[in-house]
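Notes to accompany the following structure.
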């Protein structure tokens, strides 16, 4: 019957009447946002999908339609698989350590003590720094000639490794920088989660004589489950897409030891000018992130056992 | 290839270079651009028989790389505007190629005048990004051939802008490479002359090295990049008799793992291990030149603009201690590099006539001479014999720079690195192998074998080989 009401409203009030009708008004209110979203998000994604189905690039300036050829090439591209492995290792290591450290600090500081506000603020400082500046600072710290890290290690009589120049160490050196910058994010989210927990279950647990460990395992962790999942999703997506810190620190080297998918995709698209192939790589990355998010969100909605 | 920043401390250089890698545009209109321009300043340009004001009122966007030459040109932008009535938005970028590519790939004509890495010209021509300049050079209403005298531009470098018999860009800041060495330290070690072979260089570097005093006999760019380690490796590999292809440009079968290339790369790995500073695998031009200027590195092979940089008291602690020589030789000959920053016009620019006037002006002999206060490097054959240029150039590196530059310019080869549309991908893959070998992640043979396999696949996909 809504359509007839719209018609009646239209007859009574003309255009204004139509806009005020229940059926049209929500759509009209949402339209600007949808238009902006479509322009800024959907169109570029659609264009990248289209590009990924062409061979546009330096070898084919006019870009012929090649269907799924770029995706087949990706399957047999050893550099893609190597970059995926590096990306996976970087994401897992960085997010894992950030979560454990962030959680530990959040629990440690989840109490009422004088001066804690200042400590929390100081802890958040790395997060507000521009990643490029973080990269430059750490590059200087890691420098084997004038870096502080090797200087102090030397004073302690420990070896002075080439943190960014040694293929075996470079990835972990980059992970360390990411951990330094983004642990505060985990700390922030988990602190907010801890503050939002209800006090009643804890009081009940105390009455029941539950120990600290049991309280943490049986109360805190289950109650924080959704906050933890959201924090992991945010950080994992961000770590998966990291470009700036790695680029500044190592350019993806030595060799390809820190070449993540974003850096490989950058090389393909903006240095080697294989636009079609680079677009296909971006779509594959998008799909990988989407699958991860779907799994994590499903996990969030699943009832705890 | 270098983006030479002349002033500042080691940290500032490092920070500047790295910021540059992320394409930080420099400040907008320069202070110099507002300086008063007198009639006498315009005289050298008004002798050209063209109407400089035919595009008056138009506005140009110009993108250039962050280097001393760009600063030198910025001093005279007000003169160009006064001469032509064309206003300029002149921006310099740490990575101008990246900035331009984002613009060009999006089909934008917003950057009218492009400063171009000569190695990407074949790529950009194939992708229709560049306007051919040949018609502009031939148009008498736009170019006075006697005044501009295109034939005076260093011919080997002018060849870098030619594709399919059409000129697409003109050299504005040419480069060749030299060997730089600390005269004082070499003399103290009993070495009487700069090395002329790579074996001799390795022996000399070992003699000079004193790790206890943080002094290293040699520093070479080892960080990956077709424009980084490969740029210097090519001089070494070609001297050892190696190279890139079987017979470029007729046969693009790669020969990256040839015995000569393996020997050249092994020389590099050994000499850096024995006499190079720590952190070599990640050292780019900025780090190597800074280490040289700060007195940690006693010799290097780099582009000739390093010579004036090492003598700049605001950047160098080793002023007056450097000598320069032609790069060492080997069984394959002597191979100084050849590269140039070129000026060209965006094919999608809507102000191509005005853009051409800027290119013509910026590449002209009077502008080259007017930059002398900051750099003696010029694109003109005649100016390398001009008394004003000689007065500046002959003092650099204890007087050894100019003769070495002249010899190098005479023998530099436009195909020092093969210029073809697939170069960037090819060169980058090779650079990964060189860096891996220097870092010790793989043996030289294994790294080059792997690169050979990958580039063969790339060249097949690009239809360069069957």
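The values are calculated or read from the model by the stated rules, or taken from the named source; none is laboratory data. As the structure is a prediction and not an experimental result, all values here were calculated from the model. Methodologically, a virtual Cβ is constructed for each residue, glycine included, from the backbone with ideal geometry; neighbour enumeration extends over all protein chains shown.
Structure summary
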item: Filtered residues of segment B:452-462 (kept if part of a helix (DSSP H, G or I) and surrounded by fewer than 24 Cβ atoms within 10 Å (Cβ to Cβ)); result: B:452, B:453, B:454, B:456, B:457, B:458, B:459, B:460, B:461
item: In segment A:178-227, the residues that are surrounded by 15 or more Cβ atoms within 10 Å (Cβ to Cβ) and without any contact (Cβ under 8 Å) to a residue 24 or more places away in the chain; result: A:201, A:202, A:205, A:210, A:215, A:219
item: Selection from segment B:397-413 of residues that are closer than 14 Å to residue B:340 by Cβ and outside any helix (DSSP H, G or I); result: B:412, B:413
item: Qualifying residue in segment A:259-269 (condition: in a helix (DSSP H, G or I), in contact with a helix residue (DSSP H, G or I) (Cβ under 7 Å, 6 or more places away or on another chain), away from every other protein chain (no Cβ under 14 Å) and on the phi < 0 side of the Ramachandran plot); result: yes
item: Entirely in segment B:144-240, the helices (runs of 4 or more DSSP H) that have 1 or more residues that are within 14 Å of chain A (Cβ to nearest Cβ) and at negative phi; result: B:229-239
item: Qualifying position, being farther than 22 Å from residue A:253 by Cβ, out of contact with any helix residue (DSSP H, G or I) (no Cβ under 6 Å at 6 or more places or on another chain), within 12 Å of another protein chain (Cβ to nearest Cβ) and modelled with pLDDT of 95 or more, among B:295, B:243; result: B:295
item: Any hit, segment B:258-265, residues being in contact (Cβ under 8 Å) with a residue 24 or more places away in the chain, touching a helix residue (DSSP H, G or I) at 6+ places or on another chain (Cβ under 7 Å), away from chain A (no Cβ under 14 Å) and not in a helix (DSSP H, G or I); result: no
item: Residues of segment B:444-458 that turn out to be out of contact with any helix residue (DSSP H, G or I) (no Cβ under 7 Å at 6 or more places or on another chain) and more than 10 Å from chain A (Cβ to nearest Cβ), as a count; result: 4
item: Residue A:255 being surrounded by 15 or more Cβ atoms within 10 Å (Cβ to Cβ), in the same structural domain as residue A:285 (by TED's automatic domain parsing) and not in a helix (DSSP H, G or I); result: yes
item: Subset of segment A:65-111 (residues that are closer than 18 Å to residue A:217 by Cα and not in a loop (DSSP other than H, G, I, E, B)); result: A:99, A:100, A:101, A:102, A:103, A:104, A:105, A:106, A:107, A:108
item: Residues (facing chain A (nearest Cβ under 7 Å) and in contact (Cβ under 8 Å) with a residue 12 or more places away in the chain) located in segment B:267-282; result: B:277, B:280, B:281, B:282
item: Residue B:33 away from chain A (no Cβ under 14 Å), modelled with pLDDT of 50 or more and in contact with a helix residue (DSSP H, G or I) (Cβ under 9 Å, 6 or more places away or on another chain); result: no
item: In segment B:241-257, the residues that are outside any strand (DSSP E or B) and in contact (Cβ under 8 Å) with a residue 12 or more places away in the chain; result: B:241, B:242, B:243, B:244, B:248, B:249, B:255, B:256, B:257
item: Filter result (under 25 Å from residue B:163 (Cβ atoms), without any contact (Cβ under 8 Å) to a residue 24 or more places away in the chain and in contact with a helix residue (DSSP H, G or I) (Cβ under 7 Å, 6 or more places away or on another chain)) within segment B:388-416; result: none
item: Subset of segment B:418-443 (residues that are within 7 Å of chain A (Cβ to nearest Cβ), over 22 Å from the mean Cα position of the chain (by Cα) and in a helix (DSSP H, G or I)); result: B:436, B:439
item: Qualifying residues in segment B:117-140 (those that are more than 14 Å from every other protein chain (Cβ to nearest Cβ), in contact (Cβ under 8 Å) with a residue 24 or more places away in the chain and touching a helix residue (DSSP H, G or I) at 6+ places or on another chain (Cβ under 9 Å)) - the one nearest to residue B:172 (Cα to Cα); result: B:118
item: Those residues of segment B:95-116 which are within 14 Å of the chain's Cα centre (by Cα) and within 12 Å of chain A (Cβ to nearest Cβ), in sequence order; result: B:95, B:97
item: Condition check for residue B:373: away from chain A (no Cβ under 14 Å) and assigned to a loop (DSSP other than H, G, I, E, B); result: yes
item: Output for segment B:259-274, where each listed residue is buried (at least 19 other Cβ atoms within 10 Å of the Cβ) and within 20 Å of residue A:161 (Cβ to Cβ); result: B:269, B:272
item: Residues within segment A:269-305 that are free of Cβ contacts under 8 Å to residues at least 60 places away in the same chain and more than 22 Å from the chain's Cα centre (by Cα), tallied; result: 5
